[in-house]
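The structure under discussion appears below in the form of structure tokens.
The values are calculated or read from the model by the stated rules, or taken from the named source; none is laboratory data. Since we're looking at a predicted model, the values are computed, not measured. Here the Cβ positions follow ideal geometry from the backbone for every residue, glycine too, while neighbour counts run over all protein chains shown. SASA here: full protein model, heavy atoms, side chains in, ligands and nucleic acids out. Shrake-Rupley method; radii C 1.70, N 1.55, O 1.52, S 1.80 Å.
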Amino acid sequence: MEVGRLPISASQRSKLIAAGYTTLSSFSSLSPSHLARDLKISDNEAAEIMRVASHGHRLDGSAGGCGTVNGAQTAWDMLHEEEMFPRITTSCEDLDNILGGGINCKEVTEIGGVPGIGKTQLGIQLAINVQIPVDYGGLGGKAIYIDTEGSFMVERALQIAEACIEDMSECGGLLRKDFQACQLKMHPNNILENIFYFRVCSYTEQIALINYLDKFISEHKDVKIVIVDSVTFHFRQDFDDMALRTRLLSGMALKLMKLAKDFSLAVVLLNQVTTKYIDGSFQLTLALGDSWSHSCTNRVILYWNGNERYAYIDKSPSLRSASAPYSVTSKGIRNSASNCKRIKMM
Amino acid sequence: MTPENLLHRLPSTQKCTFGCPVLDRCLGGGIPCNSITELVAESGCGKTQLCLQLALSAQLPPSLGGLSASSLYIHTEFSFPSRRLHQLSHAFISSHPRIFNNDPCDRIFVHAVYSADQLFDIMPKIESLLENTNTQLPVKLIVIDSIAALFRSEFENTPIELKRRSSLFFKISGKLKSLAKRFGLAVVVTNQVVDLMGHSEGMNGLKVGNLGSLVSSGRRVCPALGLAWANCVNSRLFLSRNEEVVGEENGSVDVSACGGGDFLPRQTRRRLHVVFAPHLPDSSCEFVIRREGVFGVER
């Protein structure tokens, strides 16, 4: 803490600074008589200064002595926190690799692509994978799935859930010695029960629901992922007032970012693609415009490369640009079966 | 706001059968309720045939794969094919003798629409038809044949008009989906195709769904209404029609030996492909159109 912030008289302050004591820590460990000699003041006065200084130090709070603003953290603390939360796997090793292990909690990830590329499939896979128990390397959490388009088909979710349980049992079987105690007791119906499914039919419902999630998640603390499929459908209708649309979208984005941070969960937003006239030709771009593109921490674009599906990291503060192949199988999202696949670094 | 209990949807989403087990198998049981399914094909491939057949089989009880429901058939291009409907319904009654007391054609409500704005204008009327539970069978199937005709002529090719057109897509699709959710409807729309010219570069050549390119009558085609409309439907099925020389596939005919292809017997092969669907893998199945209806063929 700066000497300048101590509630002491101006002359005392100028004597401290002249003697070279600019911060609390520089003289807090001295004895009062030592300080008195340095400042050429009486012992009593020095003791008084020390008393005020230690009081101010105690009010300061954080051990690192850095925080003057409530809620600030050191980067070191943040790194430790980040390492504590495992990422949510996508069940495709290549995809997990370019994502740094999977979808990150505390962040908003946007995933966009053409119809039929597998956005809903990836959404369902993540809603199931978040439930993988901690013993199997997952988060053991629940999922909130907000369906705006009606693409969620329960039989497909059941199919993917059954495949996930099968994979886990195989994995558990290999590591038998440690997992005797925690035999996998998951049933596909349990997995479906742990997905909180909301269907919204208009943009007002969508915004109302996202505002309500704060309350919902505080009552269901084990929710670890919120998936919106798709975030864009209800906003592509004609808005008489485009400024209203921008306001609504940015409000929604802020709300989602806050949810991610406050509850340490992952937010995955599925987006559609549209065409944009750039440099004399039409190019594919994610919908909702330029201002929306700032709303997400990470951006993944799914695209076709010949007959193969690829995912590309378009924007991320911590991941490098790379693309990886994946496939959609009857079991869900899996590695691509092609022989000549490789992860391309940009 | 409470979340929906997914276990209530088990074992699977309700579907409307086509009345043919082969077609149903290809499509996981039929046309799903609570979503919009698009049938894309060039003219004469069988879209209307399939729609008429669905309107009849929707009246079957759920134990036979139907919805025990009436249908609303909105037609936009040609006059409603009532003679063909009567022909199909006779075949239908004879194959399901004990189900129908009345004429199944009485359970199909027909309405003509000529523009996109008109479609939007009649939505309140549609809603009251759906709410009307006084009739014996409530309406649970809506067919729009075809959606493309509503949009293809009245919008100019300027950016503003195209933008207005695409926001109309989302408005109509949003309204249909919200009705589908409220009343548990199956919505089927048919769409036309446009030819793909020259290079596959450009937006029309963009691969959307499982098929690298859609081929019908030997030409590369792509669905009308563009990428924006593709984002509005839940599933897309493509019907193709191609001519093949009889016997060519199993080598029983040597084309070159017959002195050129002109005098070889040809037949039309029709296929139904799944372009994209959230619950179906990439699959396709061959079908034929007979007097009694559309039937899948297993070869």
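Please build a GNM for chain A, connecting alpha carbons under 10 Å apart, and tell me which residue among A:105, A:171, A:201 fluctuates the most.
Among A:105, A:171, A:201, the largest mean-square fluctuation in the Gaussian network model of chain A belongs to A:171.
Calculate the FRET efficiency for residue A:242 and residue B:246 from the Cβ-Cβ distance with a Förster distance of 51 Å, rounded to the nearest 0.05.
Efficiency at R0 = 51 Å is approximately 0.30.
Convert 4 °C to kelvin, take the viscosity as 1.567 mPa s, use the Kirkwood radius over C-alpha pairs of region B:109-161 as Rh, and evaluate the Stokes-Einstein diffusion coefficient in µm²/s, rounded to a whole number.
Using the Kirkwood radius from Cα pairs, D works out to 99 µm²/s.
Could you state how much accessible area residue B:279 has, in square angstrom rounded to the nearest 10, with a 1.4 Å probe and all protein chains kept in place?
So the heavy atoms of residue B:279 present about 30 Å² to solvent.
How are the C-alpha pair distances of chain B spread across 5 Å bins, as whole percents from the shortest bin up?
Using 5 Å bins, I get a P(r) of 1, 5, 11, 15, 18, 16, 13, 9, 6, 3, 2, 1, 0, 0, 0 for chain B.
Need one value for A:306-312: mean number of C-beta atoms belonging to other chains within 10 Å of its residues' C-beta atoms.
1
Please give the average number of partner chain Cβ atoms lying within 10 Å of the Cβ of each residue in B:225-234, rounded to a whole number.
Counting other chains' Cβ atoms within 10 Å and averaging over B:225-234 gives 5.
With all pairs of different alpha carbon atoms counted, what Kirkwood hydrodynamic radius in Å does region B:83-189 show?
16.1 Å
Picking from A:157, A:190, A:204, whose Cα lies most toward the positive end of the charge dipole for region A:131-275 (charges on Cβ: Lys, Arg +1; Asp, Glu -1)?
Looking along the dipole axis, the top candidate is A:204.
Is there a quick way to get the dipole size of the protein assembly as shown? I mean about its Cα centre, with the Cβ of Lys and Arg at +1 and of Asp and Glu at -1; what is the value in debye to the nearest 20?
With Lys and Arg at +1 and Asp and Glu at -1, about 280 debye.
Amide H neighbours of residue A:199 under 5 Å, counting only residues 5+ apart in sequence or on other chains, H built in-plane at 1.01 Å?
Close amide H contacts, sequence-distant or interchain: A:147, B:4.
Once you have all Cα-Cα distances for region A:203-302, histogram them in 10 Å bins from zero and send the whole-percent values.
In order of increasing distance, the bins hold 13, 46, 30, 9, 2, 0 percent.
What whole-number volume per residue, in cubic angstrom, does the convex hull of the C-alpha atoms of chain A give?
Residue-normalised Cα hull volume stands at 229 Å³.
Spelling out what I want: for every residue of region B:161-172, take phi, set θ = phi - 60°, compute 6.51 cos²θ - 1.76 cosθ + 1.60 (Karplus), and round to whole Hz; glycine and proline get x.
5, 5, 5, 5, 4, 6, 6, 5, 3, 5, 5, 5
Can you send over the solvent-accessible area of residue B:75, 1.4 Å probe, protein chains only, in Å² to the nearest 10?
Rounded to the nearest 10, the figure is 30 Å².
So what's the projected area for the protein assembly as shown, the Cα convex hull averaged over all directions, in nm²?
Averaging across all directions leaves 41.4 nm² for the Cα convex hull.
5 Å is the cut-off here: which amide hydrogens, built 1.01 Å from N in the peptide plane, fall below it relative to residue A:315, excluding neighbours closer than 5 in sequence?
Here the answer is A:299, since their amide H atoms fall under 5 Å of that of residue A:315.
From zero outward in steps of 5 Å, how is the percent of C-alpha pairs of region A:269-309 spread across the bins?
5, 18, 25, 25, 17, 9, 1
Which of A:255/A:315; A:224/B:15; A:261/A:331; A:215/A:276; A:315/B:207; B:15/B:47 have a Cα-Cα distance over 29 Å?
A:224/B:15; A:261/A:331; A:215/A:276
Comparing B:52, B:162, B:179, which has the greatest mean-square fluctuation in the GNM of chain B with Cα pairs linked when under 10 Å apart?
Among B:52, B:162, B:179, the largest GNM mean-square fluctuation belongs to B:162.
Determine how many Å³ per residue the convex hull of the Cα atoms of region B:1-107 encloses.
Dividing the Cα hull volume of region B:1-107 by its residues yields 149 Å³.
Can you compute the helix-only [θ] at 222 nm over chain A? Use -39500 (n - 2.57) per DSSP H run of at least 4 residues, normalise by all residues, nearest 500 deg cm²/dmol.
Dividing the helical sum by the residues of chain A leaves -12000 deg cm²/dmol.
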